[in-house]
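A.B. asks: Let me give you the structure first, and then I'll get to my questions.
Rule-based calculations on the coordinates, nothing more; no lab input. Remember, predicted model here, so these are calculated numbers, not experimental data. No Cβ is skipped: glycine too gets one built from the backbone with ideal geometry, and neighbour counts run over all protein chains shown.
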Amino acid sequence: MIKPDKFDGVSPTFATFKAQFLNAAQFNGWNEVEQLAFLKSSLSRSAAQCLWDQSPESTDTLEKLWKLLSDRFSGQNSTKKYRTELRSRRRKPGESLDMLCQDIRRLLILGYPGPTSSAHEAIAKDSFIDALSSELSLRVNESDPPSLDAALHTALRLEAIHQAAAVRDTNDDNG
């Protein structure tokens, strides 16, 4: 049996929780009554508040409870917030390029929900490049990467070259 994770309204995202829950329900062969019981028991904190701050009729079916949770936690109303975060995202001191890339993908999915497209890829790539230091951003942009993954690989390569040169220069100064 797969036991669904708890959902507190914050982490994981609602979309992730719902996908994992539906996977568990399918694997476990739960009918709608069982799904409703397991869904209710999977809620905690602010998500569990839905069970008592609404009339019992608004959570008495699986469809109604999913709708209520979706309305509150799906982030449909937060897309502008995530788009703003994506536009203003900059690499933090000590942050790896891989972690930056992963966060760009997360913000893209939350800011532009729905099926992915070539426009998604372009936004992700441009956001990643813009998040880099000005020197690295310029050099990655000059290579004209076709995708976010290509931009990441270019940035990783350029950063490794830069670090190797810095070590060599330090060794030359000491030797």
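A.B. asks: Would you grab the residues whose amide H sits under 5 Å from the one on Phe7? Only those 5+ places off in sequence or on another chain, please, with H modelled 1.01 Å from N.
C.D. replies: Hits under the 5 Å cutoff: Leu43, Ser44.
A.B. asks: Can you spot the lysines whose alpha carbon is less than 21 Å from Lys18's alpha carbon? Ignore those fewer than 8 places along the same chain.
C.D. replies: By straight Cα distance, Lys18 reaches Lys3, Lys6, Lys40, Lys64, Lys67.
A.B. asks: OK, next. Helix 148-174 sits at what angle to the longest principal axis of the chain, using alpha carbons and giving 0 to 90 degrees rounded to 10?
C.D. replies: 40 degrees
A.B. asks: Sticking with this one: Can you compute 3J(HN,Hα) from phi for each residue in the range 52-65, using the Karplus curve 6.51 cos²θ - 1.76 cosθ + 1.60 with θ = phi - 60°, rounded to whole Hz and x for Gly and Pro?
C.D. replies: 10, 8, 10, 5, x, 5, 7, 10, 8, 10, 4, 4, 5, 5
A.B. asks: Here's a follow-up. Given a Förster distance of 25 angstrom, what is the FRET efficiency for Ala166 paired with Arg105, based on the Cβ-Cβ distance and rounded to 0.05? Write down the numbers at each step before the final one.
C.D. replies: Working: r = 29 Å, r/R0 = 1.17.
Once the sixth-power term is evaluated, E becomes 0.30.
A.B. asks: Rg and Dmax in Å for the range 14-74, alpha carbons only: what are they?
C.D. replies: Spelled out, the Cα radius of gyration and Dmax of the range 14-74 are 11.0, 31 Å.
A.B. asks: At q = 0.08, 0.09, 0.18 Å⁻¹, what is the base-10 log of I(q)/I(0) for the chain according to the Debye formula with one equal point scatterer per Cα and no solvent? Please give it to two decimals.
C.D. replies: So the normalised log intensities work out to -0.40, -0.48, -1.08.
A.B. asks: Does anyone have the angle between helix 32-42 and the longest principal axis of the chain? Alpha-carbon axes, 0 to 90°, nearest 10?
C.D. replies: The two axes meet at around 60 degrees.
A.B. asks: Can you give me the angle between helix 118-131 and the longest principal axis of the chain, using Cα atoms only, in degrees from 0 to 90, rounded to the nearest 10?
C.D. replies: Approximately 60 degrees, to the nearest 10.
A.B. asks: Under 20 Å Cα to Cα from Lys125, which aspartates and glutamates show up? Leave out anything in the same chain fewer than 8 places away.
C.D. replies: Glu85, Glu95, Asp98, Asp103, Glu135, Glu142, Asp144, Asp149, Glu159
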